[in-house]
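Please read the structure below before turning to the comments.
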Amino acid sequence: MKTHLAYPGEEWSWRHFSGLLQQLRFVGPSTNVGALVGHGSIRIAAVGFQEKRPSADELNQMQQFIFEAMQQGALGMSSGLAYAPSCFADVEELAAFDGVYASHLRNEGRMLQDSVGSTRDRAPVRS
C-alpha cells in the first residue's frame, strides 16, 4: 500500500491540480483534505523567479492557473510571503485571485503589525 505522494527525488506523476487530488485519493489520507494552490508555483510558471511585478499577460496567466485549479477542486491559494518568489508580490498581485487565501506572513518580529496589515489588505471585501 502506497502511503506517500512522492518522496524527494521521485518524479511526480501529475501535472495539474486534478492529478494531485487523484493521487490523494489513491493514497487515501485518514483526514479530510482541503488543498490550496501555491502562489510561488503559479508565479514561477508565469513570471519565473524574477523580482518584478508581473505584466498584465503574466498576471492573466496566473489567474488562469488558479481558475483551472479551482475548477479541478482547489479551494484557493496559499502564499509564503517570506520566501522567493512570493516575497516579490505586492498587495495588488495577491488580491487578483479569488477563493480561500492562507499566508505565511512576511515578518513575524518587529514588523508583525505591518505584515498582518498587508495580509488583511489582500483580503477582498465582499458584501
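The values are calculated or read from the model by the stated rules, or taken from the named source; none is laboratory data. None of the values given here were measured: they were computed from a predicted structure. Quick reminder, even Gly has a Cβ in these numbers, built from the backbone with ideal geometry, and neighbours come from all protein chains shown.
Every residue in region 59-74 that is surrounded by fewer than 18 Cβ atoms within 10 Å (Cβ to Cβ) and among the hydrophobic types (A, V, I, L, M, F, W, C), please.
Hit for region 59-74 is 67, nothing else.
Residues to consider are 43, 25, 53; find the one that is out of contact with any Pro (no Cβ under 6 Å at 6 or more places or on another chain), of a type in the set (D, E, K, R) and modelled with pLDDT of 85 or more.
Exactly one residue qualifies, and that residue is 53.
Which numbered condition in (1) among the aliphatic types (A, V, I, L, M); (2) farther than 29 Å from residue 109 by Cα; (3) assigned to a loop (DSSP other than H, G, I, E, B) is the only one that residue 66 fails?
Here residue 66 clears every test but (3).
Would you mind telling me which numbered condition in (1) in contact with a Phe, Trp or Tyr (Cβ under 9 Å, 6 or more places away or on another chain); (2) outside the structural domain of residue 94 (by TED's automatic domain parsing) residue 49 fails?
All conditions are met except number (2).
Just need a number here: residues in region 43-61 that are touching a residue at least 24 places away in the same chain (Cβ under 8 Å), assigned to a helix (DSSP H, G or I) and more than 20 Å from residue 118 (Cα to Cα).
Residues flagged as touching a residue at least 24 places away in the same chain (Cβ under 8 Å), assigned to a helix (DSSP H, G or I) and more than 20 Å from residue 118 (Cα to Cα) within region 43-61 amount to 1.
Filtering region 11-58 down to residues that are of a type in the set (A, V, I, L, M) and more than 17 Å from the chain's Cα centre (by Cα), which residue is surrounded by the fewest Cβ atoms within 10 Å (Cβ to Cβ)?
56
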